[in-house]
Amino acid sequence: MSDVRHVLVLPDRDAAEAVAEELADRFGVAEEPQLVRDALAGEDDAEDAQWLVVVEDAAGRLDRAALDAFAAAYEGWLEKP
């Protein structure tokens, strides 16, 4: 089975950090998610940045719909593959 990577898009760093911390408890994610700042095109202001939480899912066992709903609770979403 090929590795699967899920990318959750969050509105700010606080939401991204909260999601990253809760992933282990909610979904049993063993590997620590990666947080990445994603500046919006043409924006230099740090306030205008989305944050990405990248989750490696080598076993392909995470439910995409559940991840999307989880991100939505933090005003975010799951990127389409």
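Key figures for this structure:
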item: Degrees separating the helix 13-27 axis from the principal Cα axis of the chain, which is the longest one; result: 10 degrees
item: Distance (nanometres) between label positions extended 7 Å along Cα→Cβ at D25 and D12; result: 2.1 nm
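Taken together, the values in this text are just the output of simple stated rules run on the coordinates, not laboratory data. Values in this document were obtained by computation on a predicted structure and should not be read as measured data. No Cβ is skipped: glycine too gets one built from the backbone with ideal geometry, and neighbour counts run over all protein chains shown.
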